[in-house]
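Participant: So that we are looking at the same thing, I have put the structure below in structure tokens.
The values are calculated or read from the model by the stated rules, or taken from the named source; none is laboratory data. Model, not experiment: these values are computed from the prediction. Cβ placement follows ideal geometry from the backbone for every residue including glycine, while neighbour counts extend to all protein chains displayed. Please note that ligands, DNA and RNA were not included when accessible areas were found on the heavy atoms of the full protein model with its side chains. Shrake-Rupley method; radii C 1.70, N 1.55, O 1.52, S 1.80 Å.
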Amino acid sequence: MPDQEQAPTPENHTLFQAYEWNVPADNQHWQRLTRALPSLAAIGLDNIWLPPGCKAASPQGNGYDIYDLYDLGEFDQKGSRATKWGTKDELVKLCDAAKDTGIGVYWDAVPNHKAGADRTERCRIVEVDPEDRLKVVSEPYEIDAWVGFDFPGRGDKYSSQKYHWYHFSGTDFNQENGKKAIYKILGDNKGWSDSVGEEQGNADYMMFADLDYSHHEVEEDVKRWGVWITKELGLKGFRLDACQHFSQRFTNNWIRHVRESCGDDIFVVGEFWSGDVGEMMQWLDGAEQHVLLYDSPLVYNFSRLSTSEGADLRKVFDNSLVQKRPTNAVTVVMNHDTQPGQTVETPIEGFFKPLAYALILLRQDGYPCVFYGDLYGMQGEHPEEPSCGGQLGDLVLARKLYAYGDQDDYFDDPNCMGFVRRGTWDHPAGLACVMSNTGPGEIRMAVGDLHKGEVWTDVLGWQDEEVVIDDEGYGVFKCPGISVSVWVRKDAEGREKFPTKFDSGIYGNEQGN
């Protein structure tokens, strides 16, 4: 078939988590990201996952302490008009600029709970065992609970729904006596959802005031919000925070409603953080719409390999989601929850991050997500410089330009393994990747006899010699010790863009703004 009749190869897409936990609480983040968009697009990051920018209970809150879904930094509530990230006007400008730059925007949705109630209400409860939410440990009695949400700064704009005790299934504080506990709220047709995870007996209650999706007013309000924010910001997708902690029945209805109203191509990824790929697949089996999950088992594998001397690299994909359900896997190395000091801290040694990113970015399976803290560095009590020696941008661009075609693995040695991508008719360059977690390594790999006589070099520049492809299409590709190399034809299209010299100084030009 002539080339002009062949279907174009789909472009590789890469997601960027556009924040880390300790981004300064200076209301400047939307502006920073707007300025950074051209450089992000230049290396091939074509979708960005924004933090939960709905009004939080605290002006410094990252948004997981969510107060008002409909306040995106527009109303004077909870001590400020702006969210930690900035104002709604700045958010809209960011989303408009992203669209103009060809970058899609995903929103971090937090539908599990509410925080920062405006007032208390009396409600009848039973206490449950914190380690087993199915075990009742008290007689029924009344408490003074923070479950009254009036949104006085917003009023009825966008939504007239107010929240009362009967809109929640549980809470964790009794104002009357200052006691902290897990309180299950009692009432007609109330109880923990039966379509959630099994953590602590039943995973419905996680924190704050837990929304009850068996109440039709709650479900309808949050479904309306999904369509409203999609259209208000021109969103292309969502991350669903802590999706195993709220009703999957509601999740299915919500996704269906948003897609019917805004387009079947609305992307959804859920955060179901678990080391057990089996329970993740069980949740996926219950999903009536196409949804992806973050590959947390792969992150745990990265952590084990990076903290065990001489570990067997060939086990890296064992029992991972990308191994079992590749079309449902968003692959990550780190995120805001796994960074030092956070809720599921998962240590990955710095030397291993280039290997890990090469494994998620350059292989054929999974939808890779790059972490803000690895691209720009991390702030706070555990500051870190950008990972991968500042060359994560080169790995991302190598994906965009060269990671196409059939894949052949060379996983014979436990401490030095590699793979090749053969390229396609319209992305013919291909690539060869070699990595080692011990000393310097080398592997003879076949890139195809169509490449015979070509001279290949390492786009990262960490291995400085040249490789000439022999008449049978083989080359001997090397990597430095405890490192990775990514080999591509010396004069392949786009090679002049390497090194990218990506500007990681996102905090360096804020004075005077």
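Participant: Go through segment 272-296 and give me each residue that's in contact with a Phe, Trp or Tyr (Cβ under 7 Å, 6 or more places away or on another chain), in a loop (DSSP other than H, G, I, E, B) and open to solvent by less than 20 Å² (accessible area, probe 1.4 Å).
Facilitator: Phe272
Participant: In addition: In segment 126-142, what residues are over 22 Å from Ile66 (Cβ atoms), in a strand (DSSP E or B) and not hydroxyl-bearing (Ser, Thr, Tyr)?
Facilitator: Hits for segment 126-142 are Val126, Glu127, Val128, Asp129, Asp132, Leu134, Lys135, Val136, Glu142.
Participant: Could you check segment 324-440 for strands (runs of 3 or more DSSP E) lying wholly inside it with 1 or more residues that are under 17 Å from Trp487 (Cβ atoms) and either at pLDDT 95 or above or open to solvent by 10 Å² or more (accessible area, probe 1.4 Å) (or both)?
Facilitator: 407-410, 416-421, 431-436
Participant: Being surrounded by fewer than 15 Cβ atoms within 10 Å (Cβ to Cβ), of a type in the set (Asp, Glu) and touching a helix residue (DSSP H, G or I) at 6+ places or on another chain (Cβ under 7 Å) narrows it down to one residue among Glu472, Glu496, Glu466; which is it?
Facilitator: The match here is Glu472.
Participant: Then there is this: For residues that are out of contact with any strand residue (DSSP E or B) (no Cβ under 9 Å at 6 or more places or on another chain) and part of a helix (DSSP H, G or I), scanning just segment 1-31, find the one that is least open to solvent (accessible area, probe 1.4 Å).
Facilitator: Asp3
Participant: Further, regarding this structure: Which numbered condition trips up Ile506, out of (1) under 20 Å from Gln391 (Cα atoms); (2) touching a helix residue (DSSP H, G or I) at 6+ places or on another chain (Cβ under 9 Å); (3) in the same structural domain as Gly423 (by the TED database)?
Facilitator: Of the numbered conditions (1) under 20 Å from Gln391 (Cα atoms); (2) touching a helix residue (DSSP H, G or I) at 6+ places or on another chain (Cβ under 9 Å); (3) in the same structural domain as Gly423 (by the TED database), the odd one out for Ile506 is (3).
Participant: On the given criteria, is Ser306 among the hydroxyl-bearing types (Ser, Thr, Tyr), touching a helix residue (DSSP H, G or I) at 6+ places or on another chain (Cβ under 7 Å) and not assigned by the TED database to the domain that holds Asp409?
Facilitator: yes
Participant: Filter segment 445-462 for residues that are under 34 Å from the mean Cα position of the chain (by Cα), part of a loop (DSSP other than H, G, I, E, B) and not aromatic (Phe, Trp, Tyr); which is farthest from Ile43 (Cα to Cα)?
Facilitator: Val447
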